[in-house]
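J.: A single structure is presented below for examination.
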Amino acid sequence: MNAPVKIASAAAEAADVLKRLGVPESLWTGGNRPVRSPVSGEVMAHVHDTPVAEVDAAIQRAHAAFLKWRNVPAPRRGELVRLFGEELRAAKADLAKVVTLEAGKIVSEALGEVQEMIDICDYAVGLSRQLFGLTLATERPDHRMMETWHPLGVVGIISAFNFPVAVWSWNSALALVCGDPCVWKPSEKTPLTALATQALFERALAKFGDAPEGLSAVIIGGRDVGEALVDHPKVPLVSATGSTAMGRAVGPRLAQRFARALLELGGNNAAIIAPTADLDLALRGVAFAAMGTAGQRCTTLRRLFVHESKYDGFVAALKAAYASVPVGDPREAGTLVGPLIDAASFEAMQKALADARAAGGKVHGGERVDAGEDAFYVRPALVEMDAQTDVVKRETFAPILYVMKYRDLEEAIALQNDVPQGLSSSIFTNDMREAELFISARGSDCGIANVNIGPSGAEIGGAFGGEKETGGGREAGSDSWKAYMRRATNTLNYGKTLPLAQGVSFEIKPAP
Ligand code: NAD
């Protein structure tokens, strides 16, 4: 173990902040499910799992709300989201504190996560006046053809522990302006952030005045509660964020009942350091993407391909950054790497490092930092590999960066794409041909392909998501809103004849 770090208690702080945020004490005390802070390892609260029968009741209430909410003009629906954004602004520091205590994020990243919620609210308010369809050319005279977009129904949201509030807001802000109520099952590891968010949403509802009851609900529990949401016939869309294993279970269940699935699953993100790269910029980009959030972002940089001409110098600088990065209490100014979420995460990391060693990898770092028995802090690990072996191809949700050497860019791109996941990727280069190749059809096969910035830390304005085992879903910006609405194609005849498409003739004889 590394030198010990001292961690102050998290439990008392959690109680204070939850009270300030107005979360009723009955929701986080006396329940069956203990909530542990990864910061100190202490139990901070006991929440109540939602009985499966109550999941049905919450969905029925949301469906009843849908029948009313769909009639509210979209800009008025946007007003609710605007009010919610105001509540988030006012409570930003407190909500971020819950994110830190429950997910272990350093203060700046926790504040960033709440800022992302505010940003998507602003975006959705604008969107509420821009839910437009097209007018299309029709082949028939005196006809008009157009698309209209309508609210879809109740949206089920299943979220992962590592973005305990932002992922819900990417979905819910859009869904609400699109006319859809939301039922949210947060990760069982982070229910307090969900309860705090719901309390803030209820403040916005009170100011809004006449929203139907049941527009937003939180259901708490593990897989069984998630499945009750996934299988419910009154939920036409489930947006599920988490591991590929979860997506493999959820996707077919939704397909079985022809419901829409928006899947945001695991990533195994890569960066290429080309010969012309600005190495100082690349070092900073790689350090944040690989070590930030203690390696627990879906977009965390996990594989690095460095051109052989730059390998020794760049990897030496990277090793120095790894050796000096401050690991410790995420509440302390100066800490850059906080804790892993739990013991299972620590064990998965150690298993991957053992597998990498067995495959010939040279491991630097990765040791546990002593912060008490129940808190799991580690030094981020840099692993030099001769080849992209099986362990490199799987996502281990911890701060491990596998580094490999390459000679030819096309070969590096092929290696980058030769994994089951397809979320995020980057190239660091000042060669315009290399940059263009990387983002071309022959380049990265990921949903996100960046040049001269790392693969993690996306803005809400773009569509977010990835290909292959990442699930194919897109949420947040661009035209992602279309997933939350149903499209109708309308053809209107304002003439006095009935020409059929494709020149088909079907003349019935008038009755004698
Ligand atoms: P997880 O798969 O263990 O859990 C995610 C959520 O799914 C939880 O709420 C869990 O209760 C629920 N769940 C699990 N099995 C289920 C089932 N069969 N039916 C219904 N619900 C079920 O993931 P995690 O450990 O919380 O998060 C880490 C994973 O999430 C990583 O793989 C990471 O890459 C991924 N992730 C992806 C994105 C993205 O946008 N692509 C974003 C964040 C996290």
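J.: If Asp329 passes every condition in (1) over 21 Å from Ala110 (Cβ atoms); (2) modelled with pLDDT of 95 or more but one, which one does it miss?
T.: For Asp329, the failing item is (1).
J.: Identify the residue in region 209-246 that is within 19 Å of Ser172 (Cα to Cα) and of a type in the set (Asp, Glu) and, among all such residues, is nearest to the ligand (Cβ to nearest atom).
T.: Going through the qualifying residues, I end up with Glu213.
J.: Just checking, does region 399-417 include any residue being out of contact with any helix residue (DSSP H, G or I) (no Cβ under 9 Å at 6 or more places or on another chain), open to solvent by less than 40 Å² (accessible area, probe 1.4 Å) and more than 19 Å from Glu308 (Cβ to Cβ)?
T.: Yes, the conditions are met somewhere in region 399-417.
J.: Taking the condition of being outside any loop (DSSP other than H, G, I, E, B) and surrounded by fewer than 24 Cβ atoms within 10 Å (Cβ to Cβ), how many residues in region 120-150 meet it? Break it down into steps so the answer makes sense when it comes.
T.: Going through region 120-150, the residues outside any loop (DSSP other than H, G, I, E, B) turn out to be 120-127, 135-136, 143-150.
Next, from what is left, pick out any that are surrounded by fewer than 24 Cβ atoms within 10 Å (Cβ to Cβ): 122-123, 125-127, 135-136, 143-150.
Number of matching residues: 15.
J.: Evaluate the following for Ala14: is it free of Cβ contacts under 8 Å to residues at least 12 places away in the same chain and of a type in the set (Gly, Ala, Ser)?
T.: no
J.: If you check Gly292 against the conditions, is it in a helix (DSSP H, G or I) and within 15 Å of the ligand (Cβ to nearest atom)?
T.: yes
So that you can scan it fast, the table gives a plain yes or no per residue for (1) of a type in the set (Ser, Thr, Tyr); (2) at pLDDT 95 or above; (3) open to solvent by 70 Å² or more (accessible area, probe 1.4 Å):
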site	(1), (2), (3)
Asn2	no, no, no
Lys6	no, no, yes
Ser9	yes, no, no
Leu21	no, yes, no
Ser40	yes, yes, no
Val43	no, yes, no
Val52	no, no, yes
Gln60	no, yes, yes
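J.: Regarding Val337, is this residue farther than 20 Å from Pro164 by Cβ and among the β-branched types (Val, Ile, Thr)?
T.: So Val337 fails the test.
J.: Give me the strands (runs of 3 or more DSSP E) completely within region 304-412, filtered to those with at least 1 residues that are in contact (Cβ under 8 Å) with a residue 60 or more places away in the chain, ordered by residue number.
T.: Counting at least 1 such residues, we get 381-384, 400-406.
J.: Do any helices (runs of 4 or more DSSP H) entirely within region 161-258 hold 1 or more residues that are open to solvent by 10 Å² or more (accessible area, probe 1.4 Å) and among the polar types (S, T, N, Q), and if so, which?
T.: Once the helices (runs of 4 or more DSSP H) in region 161-258 are filtered for at least 1 residues that are open to solvent by 10 Å² or more (accessible area, probe 1.4 Å) and among the polar types (S, T, N, Q), what remains is 191-208, 244-256.
The values are calculated or read from the model by the stated rules, or taken from the named source; none is laboratory data. Owing to the predicted nature of the structure, the values given are computational and were not obtained by experimental measurement. Note that we place each Cβ from the backbone using ideal geometry, even for glycine, and neighbour counts take in every protein chain shown. Remember, those area values only see protein heavy atoms, side chains included, never the ligands or the DNA or RNA. Shrake-Rupley method; radii C 1.70, N 1.55, O 1.52, S 1.80 Å.
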